[in-house]
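Undergrad: Provided herewith is a single structure, encoded as structure tokens, for subsequent inquiry.
Taken together, the values in this text are just the output of simple stated rules run on the coordinates, not laboratory data. These numbers were taken from a predicted model, which means no experiment stands behind them. With ideal geometry, Cβ positions are generated from the backbone for all residues, glycine too; neighbour counts draw on all protein chains shown.
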Amino acid sequence: MRAMVVRAPKELPRLEERRTPEPGPGEVRIKVRACGVCYSDHFVVDGLWPGLELPRVPGHEVVGTVDALGEGVSGFAVGDAVGVGWHGGHDGTCPACVRGRFVHCQTGAITGITRDGGYADYTIAPVTALARVPAGMDPVAAAPLLCAGVTTFNALRNADARPGDLVAVQGLGGLGHLGVQFAKAMGFHTVAISRGGDKADFARQLGAHDYIDSGDADVAQRLTDMGGARVILTTAPDAQAISSVVGGLGIDGTLLVVGAPFEPLQIGAVDLISRSAGVRGWSSGDGSDSSDALAFAHRAGVRSMNEVFALGDAGKAYERMVSGKARFRVVLDTEA
Ligand SMILES: [Zn+2]
Ligand SMILES: [Zn+2]
């Protein structure tokens, strides 16, 4: 099979011929149709993940079909349309797992980081990490929902906001353009925040009811004038921009952080105290969360906007993704 492999830190993934892997007990082999290229793939390409072992096949936004079953696998059959995301398996016994919080498993695997991922014709995944892809869903379009999609969907559906509440989505990139669509489809008063007046029409096309140009307006003040946000979902990895919107939270509001800047956030204590507001992070979801995200997106018409590259062009695709210029996610198509 073809695999795009990172062999050394700071080297782009390169094409290798590899023996098609066999699934072990509890695992399935996925015939990969598409794999998204996520910013987190830089943990592999730049060699930054603690304990990273190279060579490694990156990719944690995998969509394809079950191709072979390992010993003891039930619930999935050859030919089923499936996906696997960042969550690449859990032990089922650690304190996080016994509480059902598989994403936070102490020995959990991460697809494309601690085990080989989806930049390949085939990949192996534990059956407990699989998501179901709805019939009729375009696999190439769907791939980013396995990370960017489930992250924004799952953060919002677990947030303390009800239909009609004001939910602001900061950033209109790969995560944000999905966050706005999910927020609208969940019935929130959806406000998009980005820089530049030219993005207002696009934000409304995505379903935003209102748009705030952060280059032109005091975002916190504008949100306060609208009654204050129940939730501000921050998707852009910009610590200063995130910190600047906290004053726009309403009573009991939550700053819901999914974009990860390197710098620490600077948040005024009084901004939190005066509103009983809080700050919360959120990390993607497990296979069942991804199944829910895919089904919800398919029904509600939430679509990732993607630039598609052939599998063999994974290096180019990665460079396009890190340039920050892609509109909005980058996807590898094994049949392109
Ligand atoms: Zn990701
Ligand atoms: Zn565990």
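Undergrad: Distance cut-off 31 Å, Cα to Cα: go down the list Lys31/Lys199; Lys31/Lys184; Lys10/Lys31; Lys199/Lys316 and report the pairs above it.
TA: Over 31 Å apart, Cα to Cα: Lys31/Lys199; Lys31/Lys184.
Undergrad: May I pose another question? So what's the convex hull volume per residue for the Cα atoms of the chain, in Å³?
TA: Residue-normalised Cα hull volume stands at 131 Å³.
Undergrad: How would His298, His60 line up from fewest to most surrounding beta-carbon atoms within 10 angstrom?
TA: His298, His60
Undergrad: While we're here: Calculate how many DSSP beta bridges within the chain are antiparallel, expressed in % of all such bridges and rounded to the nearest 5.
TA: Of those bridges, close to 50 percent are antiparallel.
Undergrad: Could you give the dipole magnitude of region 6-50 about its Cα centre, charging the beta-carbon of Lys and Arg +1 and that of Asp and Glu -1, in debye to the nearest 20?
TA: Computed charge dipole of region 6-50: roughly 160 debye.
Undergrad: If we count GluC sites (Glu not before Pro) as exposed when they sit in a DSSP loop and have at most 14 other beta carbons within 10 Å, what is the longest stretch of the chain that avoids them all?
TA: Longest site-free region, per DSSP loop and neighbour criteria: 72-334.
Undergrad: Follow-up question, since we're still on this one. Under unit Cβ charges (Lys, Arg +1; Asp, Glu -1), what dipole magnitude, rounded to 20 debye, does region 1-132 have relative to its Cα centre?
TA: Dipole size: approximately 160 debye.
Undergrad: Taking the number of other C-beta atoms within 10 Å as the exposure measure, put Tyr211, Tyr119 in order starting with the fewest.
TA: Lowest count first: Tyr211, Tyr119.
Undergrad: Taking other Cβ within 10 Å of each residue's Cβ, how do Ser274, Ser284 sort, fewest first?
TA: Ser274, Ser284
Undergrad: Starting from the alpha-carbon convex hull of region 150-281, give the projected area averaged over all orientations, in nm².
TA: Directional mean of the projected Cα hull area for region 150-281 stands at 6.8 nm².
Undergrad: Tilt of helix 176-185 relative to the longest C-alpha principal axis of the chain, in degrees (0 to 90, nearest 10)?
TA: In the chain, helix 176-185 runs at an angle near 70 degrees to the longest axis.
Undergrad: Express the relative contact order of region 150-281 as a whole percentage, based on alpha carbon pairs under 8 Å and six or more residues apart in sequence.
TA: The value is 23 percent.
Undergrad: Okay, next question. Which one, Gln240, Gly187, Gly227, projects farthest toward the positive side of the charge dipole computed for region 182-271 from Cβ point charges (K/R +1, D/E -1)?
TA: Ranked along the dipole, the leading option is Gly187.
Undergrad: Assuming 0.36 nm per residue, please report the length gained on full extension of the stretch Thr20 to Arg99 beyond their Cα-Cα distance.
TA: Computed gain between Thr20 and Arg99 is 24.9 nm.
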